[in-house]
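The values are calculated or read from the model by the stated rules, or taken from the named source; none is laboratory data. Given the structure is predicted, the values throughout are model-derived calculations rather than measurements. When we count neighbours, we look across all protein chains shown, and the Cβ atoms used for this are built from the backbone with ideal geometry, even at glycine.
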Amino acid sequence: MSGTEPPGSGLDAPGARRHKVAGAWVGYLIFALMLMFLIVIDAQAAYDREWANFAGITVFTLALLIVPTGGLKWLRRWAQARKPPTWLGCRR
């Protein structure tokens, strides 16, 4: 070891990375259980024909799906792609 290696390139660096990923499944499990719970409540509201509750729970569930999963970035890119380029502006 001459000291020219970047910091954290030892044998413990991959183990540290693996430790962070190993604990991520708990967050995903909690997120999935919350979404399943909201879907069941939403289905019950639709079955009871409580359309205001159904709409509110649906919007809340979609927000929980779009924001943390990066769907917001995808929507922004999609909206920007639909805009016409500025160089095609109407000049008279």
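Once the stretch 13-71 is narrowed to residues that are touching a helix residue (DSSP H, G or I) at 6+ places or on another chain (Cβ under 8 Å) and among the small types (Gly, Ala, Ser), the residue that is modelled with the lowest pLDDT is GLY71.
Is one or more of the residues making up the stretch 46-63 on the phi > 0 side of the Ramachandran plot and either of a type in the set (Gly, Ala, Ser) or exposed (fewer than 13 other Cβ atoms within 10 Å of the Cβ) (or both)? Spell out the reasoning first.
The first filter runs over the stretch 46-63 and keeps only residues on the phi > 0 side of the Ramachandran plot, leaving 49.
Then keep just the ones that are either of a type in the set (Gly, Ala, Ser) or exposed (fewer than 13 other Cβ atoms within 10 Å of the Cβ) (or both); that gives 49.
Yes: the stretch 46-63 contains one or more residues that are on the phi > 0 side of the Ramachandran plot and either of a type in the set (Gly, Ala, Ser) or exposed (fewer than 13 other Cβ atoms within 10 Å of the Cβ) (or both).
Can you say whether ARG91 is in a helix (DSSP H, G or I) and at pLDDT below 90, as far as the supplied structure shows?
On the way: in a helix (DSSP H, G or I): no; at pLDDT below 90: yes.
In short, no.
Considered as a group, the residues in the stretch 76-87 that are modelled with pLDDT under 80 and not basic (Lys, Arg) include one that is farthest from the chain's Cα centre (by Cα), and that residue is TRP87.
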